[in-house]
Amino acid sequence: MGGRKEAVMCRVCHAIYHHKRWYQEGKIILSKAQKTKVEMIICPACRKIQDRFPGGVITLTGDFLKSHKDQILHLVRHQETRAKGINPLERIIVIKDRRDRVEIQTTNERLAQRIGREIQRAYKGDAKYHWSRDDKFIRVDWHRDASRD
């Protein structure tokens, strides 16, 4: 976005970019920001979602996943909601549920790492983090076999 001085709005999610920061509360910020015509764009997160170009991929596997999938996916969605409250560009692109595994794609690496850590913290198991050379992409592999009750 560089040094834009005027506010811009994402035509897809209605997030507002103003004073070098993205805001989800578009209409509130927009009314405070300016009264003139606002340029409509597609924000970086919506562009990644449209292009299916993730910044992070989390793969969940194991017998534990089968019996706790709903709880784990609830935790994943909760983490997305928390992240979007701080930075509306941190989102889940897609959750692919494939019986024996779940793949979650995120718009950036920080959200994928945070989700991986929260699953590890809440449900134990084994998590491995694989960063790209430039640290702009992460692959998180989480696995847990039978329940450790």
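Would you call GLU109 assigned by TED's automatic domain parsing to the domain that holds GLY62, touching a Leu at 6+ places or on another chain (Cβ under 6 Å) and within 30 Å of GLU25 (Cβ to Cβ)?
Taking the combined requirement at face value, the residue does not satisfy it.
With the checklist (1) crowded, with 21+ Cβ neighbours inside 10 Å; (2) under 17 Å from ALA45 (Cα atoms); (3) of a type in the set (Phe, Trp, Tyr) in hand, flag the one item PHE137 doesn't pass.
(1)
Looking at (1) under 22 Å from ARG99 (Cβ atoms); (2) in contact with a strand residue (DSSP E or B) (Cβ under 8 Å, 6 or more places away or on another chain); (3) surrounded by fewer than 18 Cβ atoms within 10 Å (Cβ to Cβ), can you tell me which one VAL38 breaks?
(1)
Any idea how many residues of the stretch 5-22 are in contact with a Phe, Trp or Tyr (Cβ under 7 Å, 6 or more places away or on another chain) and modelled with pLDDT under 85? Working first, answer last.
If we filter the stretch 5-22 for residues that are in contact with a Phe, Trp or Tyr (Cβ under 7 Å, 6 or more places away or on another chain), which is where we start, we get 7-8, 15-16.
Going one step further and asking which of them are modelled with pLDDT under 85, we end up with 7.
So the answer is 1.
The values are calculated or read from the model by the stated rules, or taken from the named source; none is laboratory data. Remember, predicted model here, so these are calculated numbers, not experimental data. In this analysis, Cβ positions are derived from the backbone assuming ideal geometry, glycine residues included, and neighbour counts consider all displayed protein chains.
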